[in-house]
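Everything on this sheet refers to the single structure shown next.
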Amino acid sequence: MSQKYDRIVVVGGGSAGWMTAAALATGLRGRASIEVVESEEIGIVGVGEATFPSIRQYNQIIGIDEAEFLRATNGTYKLGIRFCDWLEVGKDYFHTFGHFGNLFGSQTLWAQHRRMGLAEPLGTQCVPTVMAMKGRFALPNEQAQFKYAYHFDAVQYAAFLRRLAQQRGVRHTQGRIVDVIRRADGGVAAVQLDDGRRIEGDLFIDCSGFHSLLLGKTLAEPFVDFSHWLPVDGAWACPCERSTEEITPYTMATALEGGWAWRIPLQSRTGHGHVFSSRFIDVDRARDQLLARLDGKPVAEPRLLRFTTGHRQRFWVNNVIAIGLSSGFLEPLESTSIYLIQDGIGRLMTMLTEGRPLDEDARALFNEGSSRRFARIRDFIILHYCLTRRRDSELWRHVSSMALPETLAYRIELWRRYGVLHEYDEEGFDATSWLAIHAGMEHWPERDDPVFAEIPAERALRALLARRDGIAASVERMPLHHQLLGQVLR
Ligand SMILES: Cc1cc2nc3c(=O)[nH]c(=O)nc-3n(C[C@H](O)[C@H](O)[C@H](O)COP(=O)(O)OP(=O)(O)OC[C@H]3O[C@@H](n4cnc5c(N)ncnc54)[C@H](O)[C@@H]3O)c2cc1C
């Protein structure tokens, strides 16, 4: 590693800051000093409670034991997201992280299912969907392979990582940063705290959340605004007591008049929130709609968060790299923020450890990769909105008629005309996930691959029914989610 990056300063102690610090401490093994500066007074956003399966890789790489992690973070298992009322009020579908099985391959399976005109949903052919619907959970094995993620308390996760990072030599400094001292080349030389202390560094990781203290405020990197495509700009969050013994192993996302509501079950409480667009619903009305939906006694006052969807034009400028909300935010519908944090950390670690100079080319590569990743996930999230048949409020009329990003319009057209699921580079979601949204939103291609019709109908039907029954029987033998969780926690 270049001498230049011997002192790394992480500004911010939310999930982004401590995930970055723990990964740096693990990967660099003492080759650089790492210091996290955060202000308890400012606090953290603390609402990232639903995750993506890649979080398991992150935890494994830094050596976290699953049971210990679940105990420390009030964690539960997550098999996917149940989307209610997105197509029409009263209709729902499930997006799992799993594929639909190897019988024919996901897409062929879907086409055969439609061809046979089976009344039950496609999800009956998918192990994790059936598990979710039955409230059951078992860890994947040779017979049932699927991906899973977690729900957890973001404040406790940051605290858990802080302890781990400190054990691995990361220094922790409390204090509010009131000034940023620049270098002659425009980079950052040091941050100054309100008590006069100065923290110098060679490389600064800006994890200061929506404040974007270094990249946004100090270096004035422009913001690429996505709000014309992703118009939500606020959220009310309110946790409540758990009302039942059973814990659903999935996130619920219910479309509402001016946005959508989340329901995220943890061990001891349930997280509720309403993500809304203030262009289409009054802020107080959005809060009232959330409070009317709570399925337990509130354990805190509802909290309002405001944001703009989009990202900084560049993520790495001079010696400042932004990771987490300081780099951008794409609304929480598919729980991708922590995934994007992890993606940024992965890119950074590769650059720091592969020994190449961290020059202009390296920065350009990092920036292009990060921008593309944001754009791919942006398109995937828009897909959930733009295929709606709802016209019952201004939000739904807007999202169903708005001009789409070219990259998304192209993909939708290919699907609609030819049944092709086009993939770009830097995808956050694979073809099976795109298929799950198209299928859930009943968005069928005009024609299927003619090869599908060559499979004799009787054989296809037999196979589908056998698969459905096999899955139902194996899921019936699995424990309920809270039972399995209880065993793991013990
Ligand atoms: C409504 C909503 C719902 C969300 N849901 C999900 C979800 O389900 N799944 C998911 O993956 N993500 C979700 N997210 C995103 C997730 O919350 C964040 O990605 C994650 O918590 C990381 O935040 P952060 O660390 O970047 O910022 P923060 O948690 O805000 O941390 C910022 C840190 O910077 C410090 N700081 C700021 N200014 C200063 C200063 N002047 N001096 C010193 N320190 C300073 C603060 O003290 C704090 O420690 C959601 C976000 C929102 C808004």
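How much FRET efficiency would the formula 1/(1 + (r/R0)^6) give for Ala473 and Gln145, where r is the Cβ-Cβ distance and R0 is 25 Å, rounded to 0.05?
0.90
Checking the a/c ratio against 1.5 first, then a/b against b/c, what shape does the Cα gyration tensor give for the range 108-221? Display every interim value, and only then the final one.
Details: a/c = 4.08, a/b = 2.55, b/c = 1.60.
In terms of gyration-tensor shape, prolate.
If all Cα-Cα distances of the range 7-135 are sorted into 10 Å bins from 0 onward, what percent lands in each bin, rounded to whole numbers?
Binned Cα distances yield the sequence 10, 27, 27, 18, 14, 4, 0.
With a 1.4 Å probe and every protein chain kept in, tell me what percent of the accessible surface of the chain is carbon plus sulfur.
Working: 9810 of 20120 Å².
Looking at the chain in its full context, I get 49 percent from C and S.
Count the lysine pairs in the chain whose Cα atoms sit under 22 Å apart, keeping only pairs 8 or more residues apart in sequence or on different chains.
Values: Lys78/Lys91; Lys78/Lys134; Lys78/Lys147; Lys91/Lys134; Lys134/Lys147.
Here the count comes out as 5.
Please give the per residue accessible area of the chain, computed with a probe of 1.4 Å over protein heavy atoms only, in Å². Walk me through the intermediate numbers first.
Numbers: 20120 Å² over 490 residues.
Accessible surface, normalised per residue, equals 41 Å².
Whole angstrom only: what separates the Cα centroid of the range 185-262 from the Cα centroid of the range 155-179?
First find each Cα centre; the distance between them is then 17 Å.
Relative to the longest principal Cα axis of the chain, at what angle does helix 337-353 sit, 0 to 90 degrees, rounded to 10?
50 degrees
Rounded, prolate or oblate: which one fits the range 380-446, using the alpha carbon gyration tensor with axes a ≥ b ≥ c (rounded when a/c is under 1.5, else prolate when a/b beats b/c, else oblate)?
prolate
What's the center-to-center distance, using Cα atoms, between the range 8-29 and the range 322-390 in Å?
Here the answer is 17 Å between Cα centres.
Roughly how many Å² of Glu241 are accessible to a 1.4 Å probe, to the nearest 10?
Counting only protein heavy atoms, the figure is 80 Å².
Step by step: find N for the range 356-490, compute 2.2 N^0.38 Å, then divide the Cα radius of gyration by it. What's the final number? Kindly include the intermediate steps, with their values, before the conclusion.
Working: Rg = 21.1 Å, N = 135, 2.2 N^0.38 = 14.2 Å.
That works out to 1.49 for the range 356-490.
Taking the chain as the region of interest, what is the percent of Cα-Cα pairs per 10 angstrom bin, listed from the shortest bin to the one with the maximum distance?
Answer for the chain: a P(r) of 4, 19, 28, 26, 16, 5, 1, 0 percent.
Return the inverse of the average 1/r over all pairs of distinct C-alpha atoms in the range 221-286, which is the Kirkwood hydrodynamic radius, in Å to one decimal.
The answer is 13.4 Å.
No solvent, one uniform scatterer per C-alpha: report log10 I(q)/I(0) for the range 278-393 via the Debye equation at q = 0.09, 0.12, 0.14, 0.16 1/Å, two decimals.
Evaluating at q = 0.09, 0.12, 0.14, 0.16 Å⁻¹ gives log10 I(q)/I(0) of -0.38, -0.61, -0.76, -0.89.
Using 1/(1 + (r/R0)^6) with R0 = 25 angstrom and r between the beta carbons of Arg183 and Arg163, what's the FRET efficiency to the nearest 0.05?
For R0 = 25 Å, the calculated efficiency reads 0.15.
The values are calculated or read from the model by the stated rules, or taken from the named source; none is laboratory data. Nothing here was measured: the structure is a model prediction, and the numbers come from that model. Methodologically, a virtual Cβ is constructed for each residue, glycine included, from the backbone with ideal geometry; neighbour enumeration extends over all protein chains shown. All accessible areas refer to the heavy atoms of the entire protein, side chains included, with ligands and DNA or RNA removed. Shrake-Rupley method; radii C 1.70, N 1.55, O 1.52, S 1.80 Å.
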